[in-house]
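The values are calculated or read from the model by the stated rules, or taken from the named source; none is laboratory data. These numbers come from a predicted model, not from an experiment. Cβ coordinates were reconstructed from backbone atoms using ideal geometry, including for glycine residues, and neighbour counts include every protein chain displayed. Side chains are part of the model used for accessible areas, which takes the heavy atoms of the whole protein and leaves out ligands, DNA and RNA. Shrake-Rupley method; radii C 1.70, N 1.55, O 1.52, S 1.80 Å.
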Amino acid sequence: DAKTTQPTSMDCAEGRAANLPCNHSTISGNEYVYWYRQIHSQGPQYIIHGLKNNETNEMASLIITEDRKSSTLILPHATLRDTAVYYCIVRPLESGNTPLVFGKGTRLSVIA
Amino acid sequence: KAGVTQTPRYLIKTRGQQVTLSCSPISGHRSVSWYQQTPGQGLQFLFEYFSETQRNKGNFPGRFSGRQFSNSRSEMNVSTLELGDSALYLCASSLRRDTEAFFGQGTRLTVV
């Protein structure tokens, strides 16, 4: 079972920041937070991951709370092409024996 | 750099038949995982291969099998197809077992 809780759906105006929350209150000290997204009928796309520090790459920023029980994925300037299902996943540091466990994710709709 | 390539993209089979799906990982990636995605069950892990050995297996019947070749390419096979096997089958590759996974576009299998 997925160890994360995400809202079922969210809307965001085009050009605005999209902030997608994720609750992972039972996360262990050795678990990363991963984010993937899936645009309709395509394979999931890796976005970003982090352990305890905030992370930023060309796609998004990941903000993890100090107690690590929740995080927020930020798409700074959402476009229509960011409409997708976003999955928040926790995965152990030593993940050799642990596959990605996908929950239901958040369906983000970016509106013009 | 080419991404993960899955062939064929679409497939229609009849109940009772068997099917083989192919996955070519990103060059240099040695770990390949397979997932099944259906509207009812979401994304579910099938199995993982690394260095030609199955390292991890999800909760699927023995009709589902796979293998990995020395060049890291992988195939999965489903025998005695059932209507419920209709799904999007996704392959993901990663450099090592503990690094981020990158997905292909999937093979959409329809069983009639």
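Of note:
- With respect to being of a type outside the set (D, E, K, R), out of contact with any Phe, Trp or Tyr (no Cβ under 8 Å at 6 or more places or on another chain) and either on the phi < 0 side of the Ramachandran plot or open to solvent by less than 50 Å² (accessible area, probe 1.4 Å) (or both), A:Gly15 fits the description.
- For segment B:68-84, a residue qualifies if it is free of Cβ contacts under 8 Å to residues at least 60 places away in the same chain, within 19 Å of B:Arg9 (Cα to Cα) and open to solvent by 10 Å² or more (accessible area, probe 1.4 Å), and the qualifying residues are B:Arg73, B:Glu75, B:Asn77, B:Gly84.
- First in segment B:1-16 and within 22 Å of B:Ser86 (Cβ to Cβ), second anywhere and charged (D, E, K, R) and part of a loop (DSSP other than H, G, I, E, B), Cβ under 8 Å, 6 or more apart: B:Arg15/B:Glu82
- None of A:Leu93, A:Leu73 is touching a Leu at 6+ places or on another chain (Cβ under 7 Å) and either at the interface with chain B (Cβ under 9 Å from one of its Cβ atoms) or closer than 21 Å to A:Glu14 by Cα (or both) except A:Leu73.
- Put simply, of A:Leu100, A:Leu62, A:Leu51 the only residue that is hydrophobic (A, V, I, L, M, F, W, C) and open to solvent by 20 Å² or more (accessible area, probe 1.4 Å) is A:Leu51.
- Checking each residue in segment B:85-110 for being buried (at least 20 other Cβ atoms within 10 Å of the Cβ), more than 11 Å from the chain's Cα centre (by Cα) and polar (S, T, N, Q) picks out only B:Ser94.
- Here B:Tyr49 passes the criteria (1) under 19 Å from A:Gln45 (Cα atoms); (2) crowded, with 19+ Cβ neighbours inside 10 Å except the one numbered (1).
- Conditions (1) at the interface with chain A (Cβ under 10 Å from one of its Cβ atoms); (2) touching a Lys or Arg at 6+ places or on another chain (Cβ under 9 Å); number of the one not met by B:Gly3: (2)
- Boolean, B:Arg30 is open to solvent by 10 Å² or more (accessible area, probe 1.4 Å), among the basic types (Lys, Arg), under 23 Å from A:Glu31 (Cα atoms) and more than 9 Å from chain A (Cβ to nearest Cβ): yes
- Top-ranked residue of segment A:65-97 - restricted to ones that are under 30 Å from B:Leu46 (Cβ atoms) and β-branched (Val, Ile, Thr), ranked as most open to solvent (accessible area, probe 1.4 Å): A:Thr83
- Subset of segment A:88-100 [within 21 Å of B:Asn59 (Cα to Cα) and at pLDDT 85 or above]: A:Ile89, A:Val90, A:Arg91, A:Pro99, A:Leu100
- A:Thr56 being in contact with a Leu (Cβ under 8 Å, 6 or more places away or on another chain), β-branched (Val, Ile, Thr) and farther than 29 Å from B:Gln36 by Cβ: yes
- Scanning segment B:32-56 for residues that are of a type in the set (Gly, Ala, Ser) and outside any loop (DSSP other than H, G, I, E, B) returns B:Ser33, B:Gly42.
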